[in-house]
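Contents: one structure, followed by commentary.
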């Protein structure tokens, strides 16, 4: 099952994407699909109909792994009363 991630690329705004498997330390690149901006709009520098993109690690600053709906129910959010 694909995980939703926020991908922070060097010199670019963060984008949302789907990642099939978590990256391993030995990976040289990651393959993501369903790329979109954080507001849900298409990424402007991708051609129409692109299904997946492969990024080398030197282009990635960091990746945020977002919890799925199932995991979200077990995550404790901090809040103020």
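Every number here is computed from the coordinates shown, using simple stated rules; none is lab data. Because the structure is predicted, anything quoted here is derived from the model rather than measured. Positions of Cβ are backbone-derived with ideal geometry, glycine not excepted, and every protein chain shown enters the neighbour counts.
Table for the structure above
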| quantity | calculated |
| --- | --- |
| Pair list, Cβ under 7 Å, 6 or more apart: region 41-70 residue under 19 Å from residue 29 (Cα atoms), other residue exposed (fewer than 10 other Cβ atoms within 10 Å of the Cβ) | 56/28; 57/28; 59/10; 61/10 |
| Subset of region 1-50 [assigned to a strand (DSSP E or B) and touching a helix residue (DSSP H, G or I) at 6+ places or on another chain (Cβ under 9 Å)] | 9, 29, 30 |
| Residue match in region 2-12 (condition: surrounded by 10 or more Cβ atoms within 10 Å (Cβ to Cβ) and on the phi > 0 side of the Ramachandran plot) | no |
| Any hit, region 38-52, residues being surrounded by fewer than 11 Cβ atoms within 10 Å (Cβ to Cβ) and on the phi > 0 side of the Ramachandran plot | yes |
